[in-house]
Amino acid sequence: MKIGFFVWEYPPRIVGGLGTYAQNMAPTLVRKGHDVTLFTINPGDLMTREVQQGVEIHRPMIVDLS
């Protein structure tokens, strides 16, 4: 099954429970045979795409236009 996570926090920057939940659940689902992709924000100093523990992570750059 293809599973997508959309979270506003993910390691290395965790502020609350959502990032911790995603960090634990996503690799567990990969180990069970699922295809997991995670989308989160990028504070500007992280790679925009990487794979960690089989989880494809996308961190697009967010531009403040205000």
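Throughout, read-outs are computed from the coordinates displayed, never taken from laboratory work. Just so it is clear, the model here is predicted, and its values are computed rather than measured. Don't worry about glycine lacking a Cβ; one is built from the backbone with ideal geometry, like all the others, and counts go over all protein chains shown.
Restricting the calculation to Cα atoms, the chain shows an Rg/Rh of 0.99 when the hydrodynamic-style radius is the Kirkwood one.
For the chain, the relative contact order is 31 percent, taking Cα pairs closer than 8 Å that sit 6 or more residues apart in sequence and dividing their mean separation by the residue count. Placing dummy labels 7 Å off each Cα toward the beta-carbon, the span from Met1 to Lys32 is 0.7 nm. Secondary structure note: in the chain, about 35% of the DSSP beta bridges are antiparallel.
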